[in-house]
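Report on the structure given below.
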Amino acid sequence: MYIKKCSILFCIMMLLFQSGCDIKTTKQNKELESIKEIKIGFTVYRRDDTFIAMIVSNMEEAIKEGEQQENIKITMNIMDAKGSQTVQNDHIDKLIEQGCDVLCVNLVDRTVAATVVDKAKAADIPVVFFNREPVKQDLERWHKVYYVGAKADESGKLEGQIVADVYYKNNGAMDKNGDGKLQYVVLEGEQGHQDALLRTEYAVKTITECGIQMDKLAGDTANWLRSQAETKVNQWLQIYSDTIELILCNNDDMALGAIDAYENADKVLPAIVGIDGTALAIEAMKEGKLLGTVKNDAQKQAELIFTLCYCLATKKDASSKIDFVREKYVFTEYTMITPDKIDMK
Ligand code: GAL
Ligand code: CA
């Protein structure tokens, strides 16, 4: 008798619980149905940066596709901080005031993410950082904070591998003075950027591990920029003249700047290698001016940023669509681009 009473009570409780859940899901569905528009607030450190411009245009594409697929209006307000963190902070305030559903932030100064996270948290707006990786502690300040990017060491390894492959393929001809070492210079990205130090470190490490001795002549930052790289390489040409055998570049734009310097000085190009896989770099490679480059997948990164934004804005679970690392990080893979690994037509 007692057991019977208990089981009836249990069934009643289950029914109540079930109907509670039903009410909740219907409520959630209603909320979703009533979402007619998603507003994405998007701020970049510099819109004229070649790779960032690639992310922006791919993001615009992803939004167009998303609007069609989901039958919903999606707007993106893009703000250009033009290299100033103060300006970017003001832009973030504006985007929050305008009532965006999600914030995408390409920090100017990647060490000050905490301020951005706190502003967004106060307004309960999720944040997707991308390309310029905040420190772990800042990402951990709130559960609605994410980072989309790629692993810098991976690109350095592939860049080094391109050099080693060509070195051995041509029986060491890259070592022009035949002293058994590669005299090299490095064009570095912005100081303090995760992609600068690590790309250099892993490129050099990989070449050395492949059994090639390295002899560093010089290294300096050219802030990812073609014009600054050209100026820097002009200076090095004055000092080292024809002794430079290899130029390792933290990105393609700087590799193109190095090529500009040699061409303007009417000098024979040394081995030059870049990272990003921009259209112009691939062109230069096809013309035989660049050994190769490493594709930084702007399209995939933009698609992932978009998917994450969509899920956050519509309160859908993103984990079925995106592979998260430690719940917060989303990484794309780098791939090598060399004359024999691309359609040369
Ligand atoms: C890197 C990219 C560079 C530059 C930089 C900006 O990942 O390779 O070309 O765009 O990001 O943060
Ligand atoms: Ca040498």
Can you tell me how many residues within region 283-300 are closer than 16 Å to residue 53 by Cβ and among the small types (Gly, Ala, Ser)? 1
Can you go through 126, 134 and tell me which one is out of contact with any Gly (no Cβ under 9 Å at 6 or more places or on another chain), within 16 Å of ligand 1 (Cβ to nearest atom) and at pLDDT 95 or above? 134
So residue 170, is it away from ligand 1 (no atom under 13 Å from the Cβ) and polar (S, T, N, Q): yes
Region 271-286 - residue that is away from ligand 1 (no atom under 14 Å from the Cβ) and in contact (Cβ under 8 Å) with a residue 60 or more places away in the chain and, of those, nearest to residue 185 (Cα to Cα): 271
Before we move on, is residue 75 more than 16 Å from ligand 1 (Cβ to nearest atom) and hydroxyl-bearing (Ser, Thr, Tyr)? yes
Mind listing just one residue for me: the one in region 177-193 that is under 25 Å from residue 231 (Cα atoms) and in a loop (DSSP other than H, G, I, E, B) and, of those, modelled with the lowest pLDDT? 192
Looking at this structure, is residue 38 closer than 15 Å to residue 308 by Cβ, part of a helix (DSSP H, G or I), touching a residue at least 60 places away in the same chain (Cβ under 8 Å) and among the aliphatic types (A, V, I, L, M)? no
Evaluation of residue 149 against (1) surrounded by 18 or more Cβ atoms within 10 Å (Cβ to Cβ); (2) farther than 18 Å from residue 249 by Cα; (3) within 16 Å of ligand 2 (Cβ to nearest atom) (one fails), failing number: (3)
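Listed here are the residues, each with its yes/no results for (1) among the aliphatic types (A, V, I, L, M); (2) outside any strand (DSSP E or B); (3) more than 22 Å from the chain's Cα centre (by Cα); (4) crowded, with 24+ Cβ neighbours inside 10 Å.
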site	(1), (2), (3), (4)
216	no, no, yes, no
223	no, yes, no, no
229	yes, yes, no, yes
240	no, yes, yes, no
260	no, yes, yes, no
263	no, yes, yes, no
281	yes, yes, no, yes
293	no, no, no, yes
303	no, yes, no, no
Tally, over region 158-189, of residues that are of a type in the set (D, E, K, R), under 31 Å from the mean Cα position of the chain (by Cα) and crowded, with 19+ Cβ neighbours inside 10 Å: 2
Unmet requirement for residue 233, which otherwise passes all of (1) aliphatic (A, V, I, L, M); (2) within 16 Å of ligand 1 (Cβ to nearest atom); (3) more than 22 Å from the chain's Cα centre (by Cα): (2)
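The values are calculated or read from the model by the stated rules, or taken from the named source; none is laboratory data. Values in this document were obtained by computation on a predicted structure and should not be read as measured data. No Cβ is skipped: glycine too gets one built from the backbone with ideal geometry, and neighbour counts run over all protein chains shown.
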